[in-house]
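Report on the following structure.
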Amino acid sequence: MIISILVGVFVVLLFMGMPIAFAIGIAAALAGLSYSVFLDNPFVIDNVTLVQRMLFGINSFPLLAVIFFVFTGAIMARGGVAERLVKMAEVMVGRLPGGLAQINVMSSMLFGGVSGSAVADVSSIGRMMIKAMTADGYAKPFATAITLASATMGPIIPPSIAMILFAYLAGNVSVAGLLLGGVFPGLMIGASLLVYAYIHGRLYHPTKTPILTLGEKVRRILEGMGGLFALVIILVGITSGAFTATEAGAVAAVYALFLTMLVYRQVGLRDLPSILWESCLTTAVVLFLIATTSVFTYIVTYENIPDWIAANVLAITDNKWVLLLLINLLLLLVGMFIDQTPALIMLVPIILPLASQLGINLVHLGVIMVINLTYGLITPPVGTSLFVGCRIANLPMTALILPMLPMLLVMFAVLMLVTFVPAISLWLPQQFGFAS
Amino acid sequence: MRAFNQFCDLVRGLVRVFTLLVTAALFAIVISTVFTRDVLGWVYSWTEEVPRYLLIWMAFMSAAICVDVKDHIAFDYFYQRVPGLAGKLVKSLVNIGIIGFGWIMVRYGVEFVQDFGADGMESIPFTNIWYYPALPISGALIILFAGRDLLNLWFAPELRTQPASIALEAE
């Protein structure tokens, strides 16, 4: 009864277009009210408890990492790092067939190690590469599709806000383990798209970029390394135990300020308030969702829903591989309609007990969930990165479906590999002692 | 309507300045803590606790502004396609829902502050009155900004902010 109200109200409000955080909060408030009206039990969750849980839901030191990583990504995107990474990528893959498509993918792979955001990737790399590829004779839908597909590496390759969120929601999973767990899957997505761009280049677009002098190559690589050093700070800082994830984010933010203001000189003091404000708004969207969802989760847990779902699913199958396949399908479907952050916040508490009962490693599960929901950012009808890509290219969503299809198939194959070969996501964290 | 919109803009500007100051303080504390611990070998006991409270202020103030600039994530695929008067009614209902939730935040947030605001913080000699009010104040701002959108919808549609996704699709 209570759960029917909770889910029913949420779904109705969701389809009405209510912001998800408010839809969840209102559904939880009405469900709380139902305890006293229908069940004569006003003590489960009254409205004072609701506001208390909202406040305490985000009273967490690890969540501070979110704003630092968002700020680092924002200032790097604004400070000329993306342009330098594109030039570095040209040195690395520009001479292969389909040179510009290769550069597009490689740039996203490198920028993913700086921004942690697919949307930042599409808006910064996409702006440059879609224009350059179209001028070089590529069809605009193909150029946009490959930009979107390669942007999915952003939230998978560390630093990753989605991985930090998963660690916070799961409770006892190492952030460092999750960040390291995303390295190989992210690189595999990049490699598979590079192979696809190579084959496409051989068949339809064999143009290569001009030969660069050795001095120019060295200069470009050194300039690009400046941006990538933020990734080194984060990974080395966390894996060595020198920093927590929050502190690593803070140090990376200071480094990003130093690099973009003093070395590249593309960000001035006057730009800082707007970059900081942009970071505040992005972070607030995530934290407010966590705040309202903590009430939702409280009711779901009080009603033993995760255990009920676990028991019912386990009655159908207790094979962990079948279960992982079902989780993948569920997440891909959810990702088509709901953005990554709310989907993660709502589904982790539900899927986690099920996965734990079947002995699925939580770092493995976290990587799988993040990959699935990241793919959702570029699949219609709702995908934040998809919207940004369409805007930059000035194309309707429907124009991207056909050119994106083979790329999605390639990415799905990588997802299946990551799902059924746990070593891909677990080997690196295990080497550093962050996963069992 | 213009005067009311100007008032809302003024409030938004003030909240922005306050939030930026809070966030700058948060950054300064965490960054200086890394420096004092790793370089000087000591830390103040409150450097883990105070940034959390600053984060709460930042989050709730910015979340209210996100209502005004329509930054909150929504599944608005169908919502934006409902035509004419029906569309206006759906948008109005959404705003009324947001105002209702803002009212819960204000009404019960104030009660929560009154009941528990005098409790002490963990590592500093202050009471929770310094951070609990973030929630009811955010609720009041949410009511103001959703109210602005509701009024603009009926009386000054040209002043309405478009949701980010629609602005993107429209281009």
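Below, the figures for the structure above:
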{"read-out": "Matching residues in segment B:100-114 - criterion: being farther than 19 Å from A:Ala28 by Cβ and either within 7 Å of chain A (Cβ to nearest Cβ) or in contact with a helix residue (DSSP H, G or I) (Cβ under 7 Å, 6 or more places away or on another chain) (or both)", "value": "B:Val110, B:Val113"}
{"read-out": "Residues of segment A:10-28 satisfying the condition of being surrounded by fewer than 24 Cβ atoms within 10 Å (Cβ to Cβ), over 25 Å from B:Pro83 (Cβ atoms) and either within 10 Å of another protein chain (Cβ to nearest Cβ) or of a type in the set (Asp, Glu) (or both)", "value": "A:Ile26"}
{"read-out": "Criterion: surrounded by fewer than 19 Cβ atoms within 10 Å (Cβ to Cβ) and either touching a helix residue (DSSP H, G or I) at 6+ places or on another chain (Cβ under 6 Å) or among the charged types (D, E, K, R) (or both) - qualifying residue of B:Asp119, B:Asp149", "value": "B:Asp119"}
{"read-out": "Close pairs (8 angstrom Cβ cut-off, 6 or more residues apart or separate chains): more than 13 Å from chain A (Cβ to nearest Cβ) and within 28 Å of B:Leu54 (Cα to Cα) in segment B:131-158, surrounded by fewer than 23 Cβ atoms within 10 Å (Cβ to Cβ) and not β-branched (Val, Ile, Thr) anywhere", "value": "B:Leu144/B:Cys8; B:Gly147/B:Asn95; B:Arg148/B:Phe4; B:Arg148/B:Asn5; B:Arg148/B:Cys8; B:Arg148/B:Asp68"}
{"read-out": "Enumeration of residues in segment A:111-135 that are surrounded by fewer than 24 Cβ atoms within 10 Å (Cβ to Cβ), at pLDDT 85 or above and not hydrophobic (A, V, I, L, M, F, W, C)", "value": "A:Lys131, A:Thr134"}
{"read-out": "Test for A:Val267: is it without any contact (Cβ under 8 Å) to a residue 40 or more places away in the chain, over 20 Å from A:Leu347 (Cα atoms) and surrounded by 16 or more Cβ atoms within 10 Å (Cβ to Cβ)", "value": "no"}
{"read-out": "Near pairs, Cβ below 8 angstrom, 6+ apart or cross-chain, from segment B:1-24 (free of Cβ contacts under 8 Å to residues at least 40 places away in the same chain) to any residue that is crowded, with 16+ Cβ neighbours inside 10 Å and of a type in the set (Ser, Thr, Tyr)", "value": "B:Thr23/A:Ser279"}
{"read-out": "Tally of residues being outside any helix (DSSP H, G or I) and among the β-branched types (Val, Ile, Thr) across segment A:187-228", "value": "4"}
{"read-out": "Residue in segment A:170-188 that is touching a Phe, Trp or Tyr at 6+ places or on another chain (Cβ under 9 Å), under 20 Å from A:Pro353 (Cβ atoms) and not hydrophobic (A, V, I, L, M, F, W, C) present", "value": "yes"}
{"read-out": "So A:Leu344, is it within 13 Å of chain B (Cβ to nearest Cβ), within 20 Å of A:Met416 (Cβ to Cβ) and either out of contact with any Ser or Thr (no Cβ under 6 Å at 6 or more places or on another chain) or among the small types (Gly, Ala, Ser) (or both)", "value": "no"}
{"read-out": "For B:Arg37: the one exception among (1) at the interface with chain A (Cβ under 9 Å from one of its Cβ atoms); (2) within 30 Å of A:Ile234 (Cβ to Cβ); (3) buried (at least 17 other Cβ atoms within 10 Å of the Cβ)", "value": "(3)"}
{"read-out": "Condition broken by B:Thr19, with the remaining ones in (1) more than 10 Å from chain A (Cβ to nearest Cβ); (2) in contact with a Ser or Thr (Cβ under 6 Å, 6 or more places away or on another chain); (3) at pLDDT 95 or above satisfied", "value": "(1)"}
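The values are calculated or read from the model by the stated rules, or taken from the named source; none is laboratory data. Note that the coordinates shown come from a computational prediction; the quantities given were computed from them, not determined experimentally. Heads up, the Cβs are rebuilt from the backbone with ideal geometry, glycines too, and the neighbour counts pull from every protein chain shown.
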